[in-house]
Amino acid sequence: MFHIDEIPGGQNLSLTMQLREGNFVTYGERRRTTLIMAGIVTSSNDPNCRPGGLAGVTLTEGHGGVPDQIKLSGCWTEQWTSTDRQRVNVHLERPHQVG
């Protein structure tokens with residue numbers, strides 16, 4: 001998993017993490033489906049986020065007017081939320097075993 005944060009005129013920050021655990025949750029008759037993941041930072045060019053640190057990612061797919069949302073936590077906290085699929089677009093399927 002990776003994250004790239006592009007701020008006009010600023011440094012492009014990136015974060016790579018190895019996922020260790022996760023949880024899949026459905027709220028309110030599938031009006032919100034959420035995948036919560038946690039892992040270890042394996043590389044980053046952000047001085048506040050060093051390899052070996054803990055990081056978390058929460059992905060929420062909204063339905064019926066509920067906005068999609070992406071949250072990052074750990075070294076820093078960032079969040080993107082929108083009902084506009086051109087800005088934030090999360091699609092989650094029920095977990096299933098592969099391979």
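Could you tell me whether region 77-93 includes any residue that is closer than 16 Å to residue 23 by Cβ and part of a strand (DSSP E or B)?
no
In region 7-63, what count of residues is obtained for those that are in contact with a Leu (Cβ under 8 Å, 6 or more places away or on another chain), at pLDDT 85 or above and of a type in the set (Asp, Glu)?
Looking only at that region, the number is 1.
Taking region 61-76, which residues are surrounded by 15 or more Cβ atoms within 10 Å (Cβ to Cβ), small (Gly, Ala, Ser) and part of a loop (DSSP other than H, G, I, E, B)?
Once the filter is applied, which keeps residues that are surrounded by 15 or more Cβ atoms within 10 Å (Cβ to Cβ), small (Gly, Ala, Ser) and part of a loop (DSSP other than H, G, I, E, B), region 61-76 yields only 74.
So residue 96 clears everything in (1) part of a loop (DSSP other than H, G, I, E, B); (2) in contact (Cβ under 8 Å) with a residue 12 or more places away in the chain except one condition, right? Which one?
For residue 96, the exception is condition (2).
The values are calculated or read from the model by the stated rules, or taken from the named source; none is laboratory data. Values in this document were obtained by computation on a predicted structure and should not be read as measured data. Positions of Cβ are backbone-derived with ideal geometry, glycine not excepted, and every protein chain shown enters the neighbour counts.
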